[in-house]
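Down below is the structure, laid out as structure tokens.
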Amino acid sequence: MSRSQKRRIYYCEEDECTRLAPFTSGGLKQHKAAKHSCENEDAMEDQICQHSNIVQHQQNVHDSNQNILYNQLIIDQDMDVDHNSDATTTLHHQDENDVTFEDYWSDENHDDNSTHDGTRTMNILTENMASNVERENYINNMFFNNNRDAVSTVPIGIAPKAIPPRPNERDVQDAYSTMGKLNNIEYRMAEFALNSELSNANYKEFFEIAKEISKETLSKGELLKFNNIGTVKALSKVIYDDERKNLCQPFEEIAIDVDNIPDILDHHKEEFKEKAGKIKLYYRDIKDLAEHLFSHRAFWDTMILQAEKQFRNGERIYRDIHTGTWFENMQLNSPRGSVVLGIMLASDMTLVCSNGRHTLWPLYMKLSNVPMELREKKEAHASRPLAYMPIIKYPGKTPPTWWATAKQAVFHHCMEIILKPFAALENGCILKGPYNRLFHCIPALASYSADLPEQRLLTNIRSGNSPNSYPRCFEKTVDFGNPKEDDYEYQLRTPELMKREYETARAIIENDGEAAALAYAKEKSVNIVKNAFWDVKNFNDPYSKILCDDVHQLNGVYQYILRCIEDIIKQKRKVDEVNRRAAALPKFRNLKCFKTVYLINNLKNPTFTEMKSHMSILLAIIHDLVPLQVSLCVRHFIDFFNQATAKEHTDQTLLWMNESLDWFNYYSPALQKLTNRKLNFPKNHMLRKYISDIRSHGIICGYSTNHSERQHRTDAKKPSRKTNFHVGMISQVVKYVERRDLFWDQYSKPPANINCKPINNERITFFSPLKRRYIYVSELNTIDSTLVDVQQIVSDYISNIFESDNNINATQQQKIRAYRSLYLNTYDEDGDVTTDILRSHTNFHGVERNDFAILNDRTVVQFRLFFTTMCNDREISACVVRPYVAVVEEHNSGLEVFIRQEANNENYNDNGNYKNENNLLVIEASSIDFPIHFVPDFQSKVGNSRRYNDFTIYQRFLINHDVSRYNWFKGRGILPMLTEARRIKWGEILSTNNEEIEEESEHDDDSSSSDESINSDINDDDSDSNSYEYNEGEED
């Protein structure tokens, strides 16, 4: 398969037949869909058209509060629903003759104008759309709709139904309707007080200042009145207000009694209590918090109540969790008509002060039913702290061997307390949901996001020097460097197998003593602790819910590869050359500039965003400084990284992703052979799990630890700064979090609708003019002396476009308006927009900057000037550029190669654009496709010039597709072939003594104990949870 085919992984080619109408990706505007049929394009078109009309019809005829009504009501368990104060009706599992939804919502009880039967709606619309002409007109109208969505949706199973409320009960009112109202100024003041962590005294002073300002500004008019309800003190009183108690999610404090933890042996309990001190857990009721998020007003219109299959161009795509196979299987195996409530947990220990003395261990919770676009937004507040776990530290230097097991037992005892509300549920529960309706919900663990040490803590697995240290399967630690070809070749860990090992170890303790049990546990790589998840239905398999990650896992593998490359570069003494090349690269959107140092050992605590920028320019710098096999290995890993982090996937793209991983493993022996570094670390083994995780749970962006790391700022670091950092710090933190969450629920504005796409008719907008008026072309030279070569071609271009019109004054012809920059809006098939700024500036922050872009005909151009001119009352937008053309040539980096376009005597090129002998070209601005990162091929440098940023000293150039996956897929670079005789094979590596590999693994485990360095995330990661601090990084 060619590289151009592989690189189409990020976008499927558009098919106009499928770009019809906005389909709601789940939520309350559900509709009953026809069976999906993709036998031919006409069948697909008819089906999508019917779906589109159903959604459009429901949007027109339904009141927003009636959208949760569905076609059937089916409840698996018996429950009482009161129709009046004297009578009670019981709902049973529905068969054909059982009670239906219409029995509860008869013509006497609901609005006759509302249509609740999705099947009847489909039949009516089908009759109305019988004419092919009408259908084609409908397709055309919806295709040009600005809010279109190219994704079609097929619901799975029976649509869930809201249970009718009990009439004899007080009507469930919208809690938000009784709140006190804040005007815009009051809301901003209160939000500022919370975000700035003002104390009560400081806020009072701030409030007095605002009142003084109002007195001065309105001394001659009516005095502005302020309400100080936003103060922290006022909010604390509201927490215990009975009328608003349903909005407050208070934390409970519980002291952990070590005597009640059976997995801590009796003869160790007294010493453990003495060394550990008081152990306290602060937690919220997980059931109440889940109901609070499920019924939150901000998510009413978008809440996902049903699993779906989504299609683009007839091919199934995987995006959010509800589009994956896990949600689908849960839906099919749950009681008909119920809602699968996906619980997403994430935990990570983090430092909260700069001196490294104080840490917090928050446990976050969110619902997979909230769309991914909302639940990861900071302003949506969809992820809340569920608990703050106790942190136990050994007071001495070297803890005893049983200490780690005791800490793990405390952790699972705390998790057992947290999960207790769900432990007693057999057939789900009734929870209040969107629009304050009641739903039959099946809570289930959807994912648990954590770094490697906490994954082992969650699954009771021992650290890296044990024989089987991976928490998801039984693969041997020494075999991590030689991954198998298929994920299913590994024996996966299951609750049944792990329970059996735990029970066997407990029996050995009773019969043969602790020493024999510890020897057995070390052999099996487990700790003798009962897992808290085993006894909770739909939570009992945490091993399959530990999903892949980009921040800790992919980034960790990349840093390991980077260290191998640095070893090779240092052997060749090319460190200074690498730094000079990195500093000479042109700027690009969101790309960090490495102006001083580039190698990882010289970077101080790099962030994940910085490492992504680092990786995106790696091959453009080192492709000729390392052996070919190493370059090919890096090429395929970067391909795999970009593919794994794509915003959507299909079955075909997952196959291409697997192909990239196979090529990476095919070439990776060179890293171990040339650098003496071993590849038997767990994160290398984790790469095989990405494909199965994406197929089951959607793209990794939906469950990445990136979000929990970012949440530390608002739920750990900021609250901790409100404390005195002494005894009782966590109690002060949870008090602040309670108040702040209550403020969010009461007064924060709901986030913008995720289905509303930005509408901007102007794809290209010029700005930053040279002069704020029209100027004569002859003035260009006086305004900017570097535009001498541009002046003549602009003059010739304007004269040429007007030469056929003799009525135009010659003076008027030579007037233009020159600009330094332009905005370029690029839209994808879902309507999402990416805005770029292209510059042609001779003195941009002290340096000359002329950006690059690619045209519709695949020509690369460098901008020299943007200008507009008037012709017959019509404004013409044009650009002066220098063209580059592609050449068919192999390159070690796999990037596309370009050279300068040679000048000739013709006034027009093949596309009709005007050009001159200076190899400059005038193009219309509408021909610009998208911006690119255009870099020199450093091995083509001519002469000994030290000015690496001077493009005139290079003969060949490269499009660096790695900086953005949105243009990377269009690359057509050609990779050279490596002969089998020159390739380093795994057979040469596997001959290494296993004892030497184990010693290296133990050495890596010891070297990862630093709590301050992100680099500890590369090896075995046993202290990674304390050290990693997320930071988004700054844009250039």
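Scanning the range 828-873 for residues that are of a type in the set (K, R), under 21 Å from V963 (Cβ atoms) and either in contact with a Pro (Cβ under 6 Å, 6 or more places away or on another chain) or part of a strand (DSSP E or B) (or both) returns R839, R849. Scan the range 601-624 residue by residue and report those that are within 19 Å of I953 (Cα to Cα) and not in a helix (DSSP H, G or I). Result: H623, D624.
Counting only residues that are touching a residue at least 12 places away in the same chain (Cβ under 8 Å) and in a helix (DSSP H, G or I), the range 416-449 holds 9 of them. Taken together, Y558, Y598 contain a single residue that is among the hydroxyl-bearing types (S, T, Y), open to solvent by less than 10 Å² (accessible area, probe 1.4 Å) and outside any helix (DSSP H, G or I), which is Y598.
Among the conditions (1) modelled with pLDDT under 90; (2) assigned to a strand (DSSP E or B); (3) more than 23 Å from N590 (Cβ to Cβ); (4) in contact with a strand residue (DSSP E or B) (Cβ under 7 Å, 6 or more places away or on another chain), C879 misses just one, which is (1). In the range 959-977, the residue that is modelled with the highest pLDDT out of those that are in a helix (DSSP H, G or I) and open to solvent by 50 Å² or more (accessible area, probe 1.4 Å) is R965. Is the range 543-557 home to any residue that is modelled with pLDDT of 90 or more and of a type in the set (K, R)? Taking every residue of the range 543-557 in turn, at least one turns out to be modelled with pLDDT of 90 or more and of a type in the set (K, R). Out of curiosity, is M303 in a loop (DSSP other than H, G, I, E, B) and crowded, with 21+ Cβ neighbours inside 10 Å? Judged against the criteria, M303 is a match.
Counting only residues that are open to solvent by 10 Å² or more (accessible area, probe 1.4 Å), at pLDDT 90 or above and among the polar types (S, T, N, Q), the range 306-330 holds 2 of them. Among the residues here, R357 does not qualify as modelled with pLDDT under 95 and open to solvent by less than 20 Å² (accessible area, probe 1.4 Å).
In the set (1) within 21 Å of K683 (Cα to Cα); (2) surrounded by fewer than 19 Cβ atoms within 10 Å (Cβ to Cβ); (3) modelled with pLDDT of 90 or more; (4) not basic (K, R), C633 fails one condition alone, (2). Of the set (1) closer than 30 Å to E980 by Cβ; (2) buried (at least 22 other Cβ atoms within 10 Å of the Cβ), all apply to K574 but (2). Residue pairs whose Cβ atoms lie under 6 Å apart, separated by 6 or more positions or on different chains, with the first residue in the range 942-958 and under 17 Å from I899 (Cβ atoms) and surrounded by 10 or more Cβ atoms within 10 Å (Cβ to Cβ) and the second of a type in the set (S, T, N, Q) and at pLDDT 85 or above, are Y954/S940; Q955/S940; R956/S940. Report yes if N436 is surrounded by fewer than 20 Cβ atoms within 10 Å (Cβ to Cβ), at pLDDT below 90 and closer than 26 Å to N369 by Cα, otherwise no. Yes, satisfied. Screening the range 338-373 for residues that are charged (D, E, K, R) and part of a loop (DSSP other than H, G, I, E, B) and picking the one that is nearest to K432 (Cα to Cα) gives D348.
Is it fair to say Y394 is in contact with a Phe, Trp or Tyr (Cβ under 8 Å, 6 or more places away or on another chain), among the hydroxyl-bearing types (S, T, Y) and either within 23 Å of A298 (Cβ to Cβ) or part of a strand (DSSP E or B) (or both)? The answer is no for Y394. For the range 450-547, the helices (runs of 4 or more DSSP H) that sit wholly inside it and include 2 or more residues that are touching a residue at least 24 places away in the same chain (Cβ under 8 Å) and open to solvent by 60 Å² or more (accessible area, probe 1.4 Å) are 514-524.
Of all residues assigned to the range 247-260, at least one qualifies as being assigned to a helix (DSSP H, G or I) and at pLDDT below 75. Picking from residues in the range 675-697 that are more than 17 Å from N482 (Cβ to Cβ) and among the hydrophobic types (A, V, I, L, M, F, W, C), the one that is nearest to the chain's Cα centre (by Cα) is I694.
Total residues in the range 832-874 satisfying the condition of being farther than 14 Å from S821 by Cα, open to solvent by less than 20 Å² (accessible area, probe 1.4 Å) and either in contact with a strand residue (DSSP E or B) (Cβ under 8 Å, 6 or more places away or on another chain) or at pLDDT 90 or above (or both): the figure is 5.
The values are calculated or read from the model by the stated rules, or taken from the named source; none is laboratory data. Predicted, not measured: the structure shown is a model, and the values here were computed from it. Because the Cβ atoms are built from the backbone with ideal geometry, glycine has one as well, and the counts that use them run over all protein chains shown. Heavy atoms of the whole protein, side chains included, go into the accessibility calculation; ligands, DNA and RNA do not. Shrake-Rupley method; radii C 1.70, N 1.55, O 1.52, S 1.80 Å.
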